[in-house]
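The values are calculated or read from the model by the stated rules, or taken from the named source; none is laboratory data. Nothing here was measured: the structure is a model prediction, and the numbers come from that model. Cβ: placed from backbone, ideal geometry, glycine included. Neighbour counts: every protein chain shown.
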Amino acid sequence: MNTHRLRIEWHIVFSALLAALAVAHVSEAGQPPALLAISSPSDGANVRPGQTLSVTVTSPANAQFEGVAVVGEGPIGISTTLATGVPGQFTLDVPADIACRRYIVTADGTTAAGQDVSTSVTIDVERSDMPTSIRAAHPSIGFEAPGASVPIRILGSFTDGKVLDVTRSTNVVYESSDPTVATVSSSGEVTALAAGDAVITVTYGPQAQNIIVTIPVNVPAPIFSIDPAQLNFGEQIVGTSTSLQVTLTNTTEGDLEIASITATGDYSVTDTCVSSPLLAVSATCTITVKFAPTATGARAGAIRIENGVTILPVAFGVTGTALAMKCDANGDGVITLADLLIIRNANVQAASGPHDQRDATATGRSTSQMFGTASCDLRLNSELTYSAVDGSGNPEPVMDAVLLRGVQNPSEIRRPYRTPQQGTRSKPVWERQI
């Protein structure tokens, strides 16, 4: 009896162990175990410059591999050995003069089935000792105008005579004395925002160690003002366009040359600045910015102004959000002939259908235009009144097709049909589930 009970208890324990092992082979997200993994070093491990790094690669899924290699980012390079299977042991030589920062170590392998697999970890290459001092490669920063950015480079001197780049070291912290004038990123990128002076303070390690360097920053007053300083077009339908104006004012103490004005993204410009003679002190000119989105979503751009004062163009930002075209194209809350004409005309550039002489404008005058595919996001089963009149005084449909999303073949478009005896009437023109 006791022996039988003991066997049952061991069976329960063994079943529980098997279940635990099965769970261990499934990730927290419920995914199967990885085909390839770097088990050592761990993600975020500290590594010293000049160290020979040992890398262990395994297959948690127990997959068979024909070849595996390990490569380190930048100057670390590729391992000196290749493995024909896993687990595999590799070595990477970390240069003694490497810049102190995070690096990615990647293992690449090909399974016996021919599948390419990759996995990676991040290592933090840092000295174990503190530098005796740090300095900036450029002791000060002078901007030409607000809006520009420059990277700074920080060098650390150590007791063994080594001088290493510590700009992106995880031991380094950046701070601006006046973020309204200039900001600095965690990687040492300084951006000028407004006229004035600021100081960038760079600290290595604990503040108590007092390993600090300061970099004065000067941002001059802009050579011209832009009103408004930035343009936000809000929401705009793809396939349509709108324009906004800004006023440029010469704020220097002399005449100003505007050499060129260009736009990026879904934006274009016309202006009265370039064609004018030198812009006198306090004189103004206008820049008209056109937003014509080509795809949905946030659409950012910039207007760049080359001038006779700064070496680099001065830029200001433009933003807008592009939306898919709706059947209510004019936004009046109802779908009418006017909406359909807007959709049709906006899609002429994407036209793929034949010319059709029966197509007419709202005034009844016959036109010959191609039909394209509009982004009209609903099923339309509406009735239109054929109020146009042909040359003989007979009623004609004002539009011979409704263009909806998903119509790839113009022959799929259902055309309304009218005989002279039917006269002016209403009729469903579209019945297609999309």
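Restricting Ala229, Ala300 to residues that are loosely packed, with under 15 Cβ neighbours inside 10 Å, not assigned by TED's automatic domain parsing to the domain that holds Glu175 and not in a loop (DSSP other than H, G, I, E, B) narrows the list to Ala300. The residue that is farthest from Gly308 (Cα to Cα), counting only those in the stretch 253-269 that are under 30 Å from the mean Cα position of the chain (by Cα) and surrounded by 15 or more Cβ atoms within 10 Å (Cβ to Cβ), is Asp266. Of the residues in the stretch 207-220, at least one is over 30 Å from the mean Cα position of the chain (by Cα), assigned to a loop (DSSP other than H, G, I, E, B) and more than 24 Å from Met130 (Cα to Cα). Quick check: is even one residue across the stretch 104-127 touching a residue at least 60 places away in the same chain (Cβ under 8 Å), surrounded by 15 or more Cβ atoms within 10 Å (Cβ to Cβ) and part of a loop (DSSP other than H, G, I, E, B)? Looking for residues that are touching a residue at least 60 places away in the same chain (Cβ under 8 Å), surrounded by 15 or more Cβ atoms within 10 Å (Cβ to Cβ) and part of a loop (DSSP other than H, G, I, E, B), one finds at least one in the stretch 104-127, hence yes. Exactly one residue out of Thr167, Thr183 is surrounded by fewer than 20 Cβ atoms within 10 Å (Cβ to Cβ) and polar (S, T, N, Q): that is Thr183. Counting just the residues of the stretch 63-86 that are without any contact (Cβ under 8 Å) to a residue 24 or more places away in the chain and assigned to a loop (DSSP other than H, G, I, E, B), which one comes out surrounded by the most Cβ atoms within 10 Å (Cβ to Cβ)? The selected residue is Gly85. The condition of being over 22 Å from Ala145 (Cβ atoms) and of a type in the set (Val, Ile, Thr) holds for Val238. Counting only residues that are touching a residue at least 60 places away in the same chain (Cβ under 8 Å) and either surrounded by 15 or more Cβ atoms within 10 Å (Cβ to Cβ) or not aliphatic (A, V, I, L, M) (or both), the stretch 191-221 holds 12 of them. Answer yes or no as to whether Val150 is more than 30 Å from Phe316 (Cβ to Cβ) and of a type in the set (A, V, I, L, M). Judged against the criteria, Val150 is not a match. When you scan the stretch 313-322, do you find a residue that is within 23 Å of Ala195 (Cα to Cα), at pLDDT below 90 and not in a strand (DSSP E or B), even just one? Yes: the stretch 313-322 contains one or more residues that are within 23 Å of Ala195 (Cα to Cα), at pLDDT below 90 and not in a strand (DSSP E or B).
Could we say that Val246 is crowded, with 18+ Cβ neighbours inside 10 Å, assigned by TED's automatic domain parsing to the domain that holds Arg304 and in contact with an Asp or Glu (Cβ under 9 Å, 6 or more places away or on another chain) here? Spelling it out, Val246 is indeed crowded, with 18+ Cβ neighbours inside 10 Å, assigned by TED's automatic domain parsing to the domain that holds Arg304 and in contact with an Asp or Glu (Cβ under 9 Å, 6 or more places away or on another chain). The single condition among (1) in contact (Cβ under 8 Å) with a residue 40 or more places away in the chain; (2) out of contact with any Ser or Thr (no Cβ under 7 Å at 6 or more places or on another chain); (3) closer than 30 Å to Ala137 by Cα; (4) of a type outside the set (S, T, N, Q) that Ile226 does not meet is (3). Taking the numbered list (1) modelled with pLDDT of 95 or more; (2) under 31 Å from the mean Cα position of the chain (by Cα); (3) outside any strand (DSSP E or B); (4) not charged (D, E, K, R) in turn, Pro146 passes all entries but (1). Take the conditions at positive phi and either surrounded by 15 or more Cβ atoms within 10 Å (Cβ to Cβ) or among the β-branched types (Val, Ile, Thr) (or both) and apply them to Gly188. Does it pass? It is true that Gly188 is at positive phi and either surrounded by 15 or more Cβ atoms within 10 Å (Cβ to Cβ) or among the β-branched types (Val, Ile, Thr) (or both). Go through the residues of the stretch 281-289 one by one and say whether even a single one is surrounded by fewer than 13 Cβ atoms within 10 Å (Cβ to Cβ), touching an Asp or Glu at 6+ places or on another chain (Cβ under 8 Å) and part of a strand (DSSP E or B). Yes.
Scanning the stretch 47-58 for residues that are touching a strand residue (DSSP E or B) at 6+ places or on another chain (Cβ under 7 Å) and surrounded by 14 or more Cβ atoms within 10 Å (Cβ to Cβ) turns up Val47, Pro49, Leu53, Val55, Thr56, Val57, Thr58.
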